[in-house]
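First comes the structure, then the notes that go with it.
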Amino acid sequence: MRSELEVNGARVAWEHEPHEFLTEVLRREGLKGTKRGCESGDCGACAVLLDGEEVPSCLVLAAQAHGHAVETIEGVGSFEAPHPIQEAFLDATAIQCGYCTPGMVLATKALLAETPNPTEADARACLAGHLCRCTGYVKPIQAVLSAAQRCQAGAQ
């Protein structure tokens, strides 16, 4: 089966089996920032943005992405020029082992696109579907709020 879609701003066409989930195809195509976790949509490690909306890629068939836009962590900033959200996570020391971080960054990006000035409750809700065994969630929540300020300052 062949799916044509946009991934991180580039048009791609991928061959895959009808039963393959987006997580597997993304990883096979070299986008390893999308992590395998629970494979039941509960942990947030495989989060991607599908047409700007956060989804667990372990529950989305690759065929369902045909004709849509997918953004992975590889499409958010770079090592040389990190996105303000990534900078906020670094500065807040909200990254420990880093396994959950890509999903949290993408969740934050989706939140800020919809709610540019989130409350702490918004930040908590944003990260609610992201399991982290290293942090106490305090620093990631602080990072979301800091990212909002950075993104607003950058937009002005």
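A Förster radius of 22 Å, combined with the Cβ-Cβ distance separating GLU17 from GLU53, puts the computed FRET efficiency at roughly 0.35. For the chain, find the longest principal axis of its Cα atoms and tell me its angle to the long axis of helix 101-114, 0 to 90°, nearest 10. Value to nearest ten degrees: 80.
Normalising the average separation of contacting C-alpha pairs (under 8 angstrom, six or more residues apart) by the number of residues puts the relative contact order of the stretch 61-156 at 37 percent. Of interest is the spacing of the C-alpha centroids, which for the stretch 119-154 and the stretch 4-37 amounts to 27 Å. Between ASN117 and ASN8, what FRET efficiency follows from the Cβ-Cβ distance if R0 is 22 Å, with the result rounded to 0.05? Approximately 0.25, to the nearest 0.05. Every helix of 4 or more DSSP H residues in the chain counts as -39500 (n - 2.57), and over all residues that averages to -10500 deg cm²/dmol at 222 nm.
Kirkwood analysis of the Cα pair distances in the chain returns a hydrodynamic radius of 15.7 Å.
For an R0 of 41 angstrom, estimate the FRET efficiency from the Cβ-Cβ distance between SER40 and ALA153 and round to the nearest 0.05. Efficiency, from the Cβ-Cβ distance: 0.60. Relative to the dominant Cα principal axis of the chain, helix 138-155 is inclined by about 90°.
Among the chymotrypsin sites (Phe, Trp or Tyr not before Pro) within the stretch 1-88, those in coil by DSSP and having at most 11 neighbouring Cβ atoms inside 10 Å are PHE79. Extents of the stretch 2-75, largest first, come to 28, 25, 20 Å (Cα atoms, principal axes, whole angstrom). Net charge dipole, the chain: roughly 420 debye, given to the nearest 20, about the Cα centre with Cβ charges of +1 for Lys and Arg and -1 for Asp and Glu. Taking label positions 7 Å along the Cα-Cβ direction at both ALA81 and TYR137, the computed distance is 3.5 nm, reported to one decimal.
None of the figures in this text is laboratory data; all of them are computed from the coordinates on show. Note that the structure is a prediction, hence the values are computed from the model and not measured. Note that each Cβ is placed from the backbone with ideal geometry, even for glycine, and that neighbours are counted across all protein chains shown.
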